[in-house]
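J.: Supplied in structure tokens, the structure appears directly below.
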Number of protein chains: 2
Amino acid sequence: MLRSHTCGELKFEDVNKEVTLTGWVQKVRDKGGLIWIDIRDRYGITQLLLEDGRSDSEVVKTARQLGREYVIKASGKVIERVSENPNLATGRIEIDLTGLDILNSSITPPFTIEDDTDGGEELRMKYRYLDLRRQPLRKNLELRNRLSIETRKYLDDQKFFEIETPYLIKSTPEGARDFVVPSRMNEGQFYALPQSPQTFKQLLMVAGYDRYYQLVKCFRDEDLRADRQPEFTQIDCEMAFVEQDDILSTFEGMVKYLFKTVKGIDIPELPRMDYADAMKFYGSDKPDIRFGMKFVELNDVAQNKGFKVFDDAELVVGFVADGCAEYSRKQLDKLTEFVKKPQIGAKGLVYVKCNEDGSFKSSVDKFFDQDALKSWSDKISAKSGDLLFVLSGEKDKVRKQLNELRLEMGNRMELRDPNVFAPLWVVDFPLLEWDEDSKRYHAMHHPFTSPKPEDISMLDTKPGEVRANAYDLVINGVEIGGGSIRIHDRDLQKLMFKHLGFTDEEAQDQFGFLLNAFEYGAPPHGGIALGFDRLTALFGGQDSIRDFIAFPKNNSGRDIMIDSPSIIADDQLDELNLKVTV
Amino acid sequence: MLRSHTCGELKFEDVNKEVTLTGWVQKVRDKGGLIWIDIRDRYGITQLLLEDGRSDSEVVKTARQLGREYVIKASGKVIERVSENPNLATGRIEIDLTGLDILNSSITPPFTIEDDTDGGEELRMKYRYLDLRRQPLRKNLELRNRLSIETRKYLDDQKFFEIETPYLIKSTPEGARDFVVPSRMNEGQFYALPQSPQTFKQLLMVAGYDRYYQLVKCFRDEDLRADRQPEFTQIDCEMAFVEQDDILSTFEGMVKYLFKTVKGIDIPELPRMDYADAMKFYGSDKPDIRFGMKFVELNDVAQNKGFKVFDDAELVVGFVADGCAEYSRKQLDKLTEFVKKPQIGAKGLVYVKCNEDGSFKSSVDKFFDQDALKSWSDKISAKSGDLLFVLSGEKDKVRKQLNELRLEMGNRMELRDPNVFAPLWVVDFPLLEWDEDSKRYHAMHHPFTSPKPEDISMLDTKPGEVRANAYDLVINGVEIGGGSIRIHDRDLQKLMFKHLGFTDEEAQDQFGFLLNAFEYGAPPHGGIALGFDRLTALFGGQDSIRDFIAFPKNNSGRDIMIDSPSIIADDQLDELNLKVTV
């Protein structure tokens, strides 16, 4: 090693040791006779000291050539620092320099390598290797590494095997769009990159592996919304001879273990909420339960009082914001604007202030007298000083709108502390969802999810009401993972394909290997996949996953650092028997 | 869980416990009144017992419906077995059955699920999920899992971070052929799948991550030779502020740790051998040093005695096979045929038997008298009873030929025990190698490998003699890993590109991001990549990697289980702006 120690480890106990450090010049302060250099590496920062006249003149000369981000090797004796820096792990010592080598120089970086950089998004992406030098990103990747280590440790202790599944697989039209890979050796044919190892992990259960996991890259060629990446990482898991409860308890154990070991937080037992209740009380299948504001349905007390908007609505629903009765006209107008934004789409917002004197002031005083408003307030369990919000309309739409308002109020009232974690299970998802575009039902989870046995009889009559043995892990309003008990019976799987609009031929062509496998003793099995990028961002207390990925792509799917994708040579295309048509 | 215990854990201490097991029917023996069922899962096999008349008649009836590979749930009481089976971990007990459910049936598998199966290669690939049920494959994947766990543990303890690098990167013409991925969002452009994360790990060093590793899939679109896979797994590593010795000692530590923890074997200090010596003494840059038979050059004693074949040869070289003087004419003919095979290409084989009486008998007695043969024998340190082999010809060719003969003799003399492990480092590889096809020098390792500083001056004059700071980890004649100290200086990297025939524009176009990164304080760094598939096969005592990969591809790059690659839909091609030209 070119160094004897890292820049993060020297302590007061090391005083008088002769040491050699290597790293980057964070800054140089040259105050006439005294020169201080901060040297930085992954492990920390250490202060180097030189004194003109006393120190070696060659070393002083070299020090005066240093610029930001120069790579240096510095030798000297550890001495006690005159003025301690309590913010630094190495703050009680400094190095009295006797040797200094420049290992590499640096031109001036395009932005400052500091916690709060002056670099814009685009510039930071282009010079990602410089952005990654900044401590916040270094901490993010360190957290990611720690989470992956602890995830594997937990699953290994639970006797899971990590088994690698292939990346060059087969394209299937079901689900999102595949990235494909032309095969040179099999002319005119293509592999696909996996959207998930779903069928392979099920085959591993058929093969008797009992407990499988993998931290694995998956790929989806979707039009990228903000904070979606074309390649992303999953903690992918599957278990045999289990029922839903076994999977929930195994991965509840993992969640608790990760919070405990990585963040030192004890998480109590995870609540389980039906999908139907999640929609009813939070208007979302991923409710943020760090705070209350559960929805209360008000049809019985709010309809038939002559307010046409309510009377015509399928659902009148509201929630209470504690202690917000003092909200100003301006604040209420802002919130009304918020719910009327096109992406939310409410027509308006009804509010009721529960005044301290027991009276009520609402935006619909014209239609509702004090008694009427009191009946709302009672139903919604509001207290004096609280503020009620009420929306109305078509059931599914109004719930989603009120969910947005609830989250917005959570933000405004600072009830969504990123250092507080409230995980839960959402269970009993619908098996199918109607797709307006294709005018048919699609699998809500995927076509391998088993319906609840007691609901199978409704597949023909009320397909939209069939519930699945499917569950999501939700933390702080974010869907961190989802899974299901799978179908392990060939006939039921064929029935499912039929209901999803596959002909027998299509089912056999695309999933024949799985249907065949089910002929040879497939065990009951189920699993889950967790989004590792998002889990890491959540642990890091941030919404965006981008800074938890070493080399992310931008919203056009480009890596602007390496300038990819790019045009390839004609002979490469020829070898692949391909022609580009643009 | 559907079970209370696995099929591998019940012991004599569990007698009288009521248990429930799940698994597959390995076999059923129905001897009139008594029925035994072997139930199997990942963890082991347990024997179930039924007695007609005594056991529940419904259970007996169900048992008589069972076939091989049926999935069952079996309940009963643990009892002591009358005749113990010492080959089975559960061999002292059996289960007196009181309940039996068929969880799934199975049609007859196309081959037997036993250690020695009757299934051919093709059939086993097609029904891989059944092949994977066999114990040898299950043990292979278990070994692979264990090796990955321990690899990560070692590197984590050494403060390496596992950092995921992207899979959708940029195609470069250098090196092997890339698999490419058309981009829908960037019309007419392609990503490439990584052949290795080489440039990204170097950028992580520039970014200050100090110690990086990743167990990562890599991709090469090569014409597949036997036992090559288009996708393979590497243990990819990089360290900053190091010299070659630091990397060798770090990964020597890893090799020792893996052998110790996974196989319980203590490996002594790894020998280091110059590339030049490896070629000289073993005719291979990956010598199998489990056995001797080092080459001895015989030009001085074998030339100028009138044997034209030797006189015209650049090199006359041989080795001694201990105690093989008794080899028959037929055996020697076979070996002569062996070296004359087209893929080896020797013109003939000269042998000398060192008889017990001190005389010599050779295939070239016509040209060499006893004294001459004695001088060979002395030079080669042969004893009575030994057999000398000698080949001659052009230096590089004859060494390779003799290497093949040496390995063949190692096999015949059973000196290549797969349970003996002899790792070594081969160091000081040439920087460049001449390519006859393109009539230019190519990087032997890759273009980022640093030349030895003392050899840089020869880059212009004798490029073939420039040595690199490059090294290979070789175990039992197999190259398990390779690496180098990298160039971290922009000007040296540009010089290297120039010597590899890149124009400045090409270098900038393909590797501009790396050259740019070198402007901003790149630290000295180096690394290594180990072939994880091959390492696992080696630990498993086998030559072929295929059965250490859960879902391998065949020699045409096809997955015959899922029937991939395959044709994709026209609208998929349209979206990608592609046309297939076959």
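J.: Of the cross-linked pairs A:K73/B:K494; A:K340/A:K366; A:K201/A:K462; A:K294/A:K395, which ones have a Cα-Cα span greater than 19 Å in the structure shown?
T.: Values: A:K73/B:K494 25 Å; A:K340/A:K366 22 Å; A:K201/A:K462 31 Å; A:K294/A:K395 16 Å.
With Cα atoms farther than 19 Å apart: A:K73/B:K494; A:K340/A:K366; A:K201/A:K462.
J.: Continuing with this model, one more query. Quick one: with all protein chains in place, what share of the accessible area of the protein assembly as shown is carbon or sulfur, to the nearest percent (1.4 Å probe)? Could you put the intermediate results ahead of the total?
T.: Numbers: 21670 of 47630 Å².
That fraction is 45 percent.
J.: Distance between Cα centroids, the stretch B:130-150 to the stretch B:388-437: provide it in whole Å.
T.: So the separation of the two Cα centres works out to 31 Å.
J.: Now for a different question. When the dipole is taken about the Cα centre of the stretch B:1-138, and only Lys, Arg (+1) and Asp, Glu (-1) are charged at their Cβ, what size is it in debye, to the nearest 20? Intermediate results must be reported in sequence, preceding the final value.
T.: Working: 22 positive and 24 negative charges, 51 e Å.
Using Cβ point charges on Lys, Arg, Asp and Glu, the stretch B:1-138 gives about 240 debye.
J.: Tell me, how many Å apart are the Cα centres for the stretch B:77-95 and for the stretch B:290-349?
T.: If we compute the Cα centre of each part, the gap is 58 Å.
J.: Name the nearest-to-axis residue of chain B, judged by Cβ distance to the rotation axis taking chain B onto chain A, and quote that distance in whole Å.
T.: Looking at chain B's Cβ atoms against the axis toward A, the nearest is B:K579, 2.
J.: Return a whole-number percent for the relative contact order of the stretch B:12-104, with Cα pairs under 8 Å and 6 or more residues apart as the contact set. Working shown, then result.
T.: Details: 202 pairs, mean separation 30.9, N = 93.
After rounding, I find 33 percent.
J.: Relative to the other copies, what are the label-point distances for B:D378, with labels 7 Å from Cα along the C-beta vector, expressed in nm at one decimal and sorted shortest first?
T.: Counterpart label points of B:D378 in the remaining copies fall at 12.1 nm.
J.: Which of rounded, prolate, oblate describes chain B, given a ≥ b ≥ c as roots of the alpha-carbon gyration tensor eigenvalues and a/c under 1.5 marking rounded, otherwise prolate only if a/b is larger than b/c?
T.: oblate
J.: In whole Hz and in residue order, list the ³J(HN,Hα) couplings for the stretch A:216-224 that follow from phi through the Karplus curve 6.51 cos²θ - 1.76 cosθ + 1.60, θ = phi - 60°; x for Gly and Pro.
T.: 9, 6, 10, 9, 9, 8, 9, 5, 6
J.: Every other copy gets compared here: list the nm distances from the B:R290 label point (7 Å along Cα to Cβ) to its counterparts, shortest first, one decimal.
T.: Result for B:R290, in nm, nearest copy first: 5.9.
J.: Another question, then. What number comes out for accessible area per residue over the stretch A:328-419 if the probe is 1.4 Å? Units Å², please.
T.: On a per-residue basis, the stretch A:328-419 sits at 54 Å².
J.: What does the helix-only formula give at 222 nm for chain A: each DSSP H stretch with n ≥ 4 adding -39500 (n - 2.57), the total divided by the residues, and the result rounded to the nearest 500 deg cm²/dmol? Walk me through the numbers on the way to the answer.
T.: On the way: 16 runs with 163 residues, N = 582.
-8500 deg cm²/dmol, from helical runs alone.
J.: Determine the dipole magnitude for the protein assembly as shown: charges of +1 sit on the beta-carbon of Lys and Arg, -1 on that of Asp and Glu, nothing else is charged, the reference point is the Cα centre, and the result goes in debye to the nearest 20. Provide the component values of the computation, followed by the final result.
T.: Values: 160 positive and 200 negative charges, 165 e Å.
Its charge dipole is roughly 800 debye.
J.: Ranked by accessible surface with a 1.4 Å probe, highest first, in what order do B:D455, B:D491 come? Walk me through the numbers before you get to the answer.
T.: On the way: B:D455 10, B:D491 110 Å².
Correct descending sequence by accessible area is B:D491, B:D455.
J.: Using a/c under 1.5 as the rounded threshold, could you call the stretch A:294-414 rounded, prolate or oblate? The axes a ≥ b ≥ c are square roots of the C-alpha gyration tensor eigenvalues, and prolate needs a/b larger than b/c, oblate otherwise. Present the calculation step by step, with values, prior to reporting the outcome.
T.: Numbers: a/c = 1.56, a/b = 1.05, b/c = 1.48.
It is oblate, given that a/c is not under 1.5 and a/b is not larger than b/c.
J.: So, one more: Could you give each residue of the stretch B:455-468 its phi-based ³J(HN,Hα) in whole Hz, using Karplus coefficients 6.51, -1.76, 1.60 with θ = phi - 60°, and x for Gly or Pro?
T.: Karplus values, whole Hz, x for Gly and Pro: 9, 4, 5, 7, 3, 7, 8, 10, x, x, 9, 5, 8, 10.
J.: Over the stretch B:323-402, calculate the relative contact order: mean separation of alpha carbon pairs under 8 Å at least 6 apart, over the residue count, as a percent.
T.: Values: 97 pairs, mean separation 28.1, N = 80.
Once divided by the residue count of the stretch B:323-402, the mean separation gives 35 percent.
J.: To continue, here is another question. Show me the ranking of peptides A:299-311, A:183-195 by mean Cβ neighbours inside 10 Å, starting with the highest.
T.: Numbers: A:299-311: 15.5, A:183-195: 21.7.
Ranked from most to least packed, the peptides come out as A:183-195, A:299-311.
J.: May I pose another question? Once fully extended, how much extra length lies between B:F367 and B:E150, figured as 0.36 nm per residue of separation less the alpha-carbon to alpha-carbon distance? Mind showing how you got there, number by number?
T.: Values: separation 217, 0.36 × 217 = 78.12 nm, distance 5.87 nm.
The span from B:F367 to B:E150 would gain 72.2 nm if fully extended.
J.: Could you grab the relative contact order for chain A? Cα pairs under 8 Å, six or more apart, rounded to a whole percent. Walk me through the intermediate numbers first.
T.: On the way: 1078 pairs, mean separation 73.4, N = 582.
For chain A, the relative contact order is 13 percent.
J.: Also, quick follow-up: Take the alpha carbon gyration tensor of the protein assembly as shown, find the square roots of its eigenvalues, order them as a ≥ b ≥ c, and report rounded if a/c is under 1.5; if not, report prolate when a/b exceeds b/c, else oblate.
T.: Working: a/c = 2.08, a/b = 1.33, b/c = 1.56.
Oblate shape, in that a/c is at least 1.5 and b/c is the bigger or equal ratio.
J.: Considering only the label points, 7 Å along Cα→Cβ from Cα, what distances in nm to one decimal separate B:D157 from the same position in each other copy, shortest first?
T.: Shortest to longest, the spacings are 1.8 nm.
J.: Are there GluC sites (Glu not before Pro) in the stretch B:415-508 that DSSP puts in a loop and that have at most 13 other Cβ atoms within 10 Å, and which ones? Write down the numbers at each step before the final one.
T.: Numbers: sites: B:E433, B:E436, B:E454, B:E465, B:E479, B:E505, B:E506; in loops: B:E436.
Filter output for the stretch B:415-508: B:E436.
J.: Same structure again: List the residues of the stretch B:53-84 that lose 20 Å² or more of accessible area once all protein chains are present, compared with their chain alone (1.4 Å probe, heavy atoms only, no ligands or nucleic acids).
T.: Residues shielded by partner chains are B:V71.
J.: Of B:Q343, B:L373, B:N403, which is farthest on the positive side of the dipole of the stretch B:338-420, counting Cα position, with +1 on Lys and Arg Cβ, -1 on Asp and Glu Cβ, and the Cα centre as origin?
T.: B:Q343
J.: Hey, another quick one. A:Q343: net charge of surrounding residues, Cβ under 15 Å, Lys/Arg +1, Asp/Glu -1, itself excluded?
T.: Working: positive: A:R225, A:K340, A:K341, A:K347, A:K397, A:K400; negative: A:E337, A:E404, A:E408.
Result for the neighbourhood of A:Q343: +3.
J.: Roughly how much of A:I107 is accessible, in Å² to the nearest 10, using a 1.4 Å probe?
T.: Here the residue's solvent-accessible area equals roughly 80 Å².
J.: Something else now. Quote the total accessible area buried by chains B and A together, excluding ligands, DNA and RNA, probe 1.4 Å, nearest 100 Å².
T.: On the way: alone 29420 and 29430 Å², together 47630 Å².
The summed interface area works out to 11200 Å².
J.: Using a loss threshold of 40 Å², tell me which positions in the stretch B:162-176 are less accessible in the complex than in their chain alone. Probe radius 1.4 Å, ligands and nucleic acids ignored.
T.: B:E162, B:E164, B:P166, B:Y167, B:L168, B:K170
J.: In addition: Tell me, what is the per residue accessible area of the stretch B:49-156 in Å², probe radius 1.4 Å?
T.: On the way: 4940 Å² over 108 residues.
Per-residue value: 46 Å².
J.: How much net charge surrounds A:P109 when only other residues with a Cβ under 10 Å from its Cβ are counted (Lys, Arg +1; Asp, Glu -1)?
T.: Numbers: positive: A:R68, A:R133; negative: A:E69, A:D131, B:E519.
In short, -1.
The values are calculated or read from the model by the stated rules, or taken from the named source; none is laboratory data. Worth saying up front: this structure is predicted, and the values here are computed from it rather than measured. All Cβ positions, even for glycine, are placed from backbone atoms using ideal geometry, and neighbour counts span all protein chains on display. Surface accessibility is based on the protein's heavy atoms, side chains included, excluding ligands, DNA and RNA. Shrake-Rupley method; radii C 1.70, N 1.55, O 1.52, S 1.80 Å.
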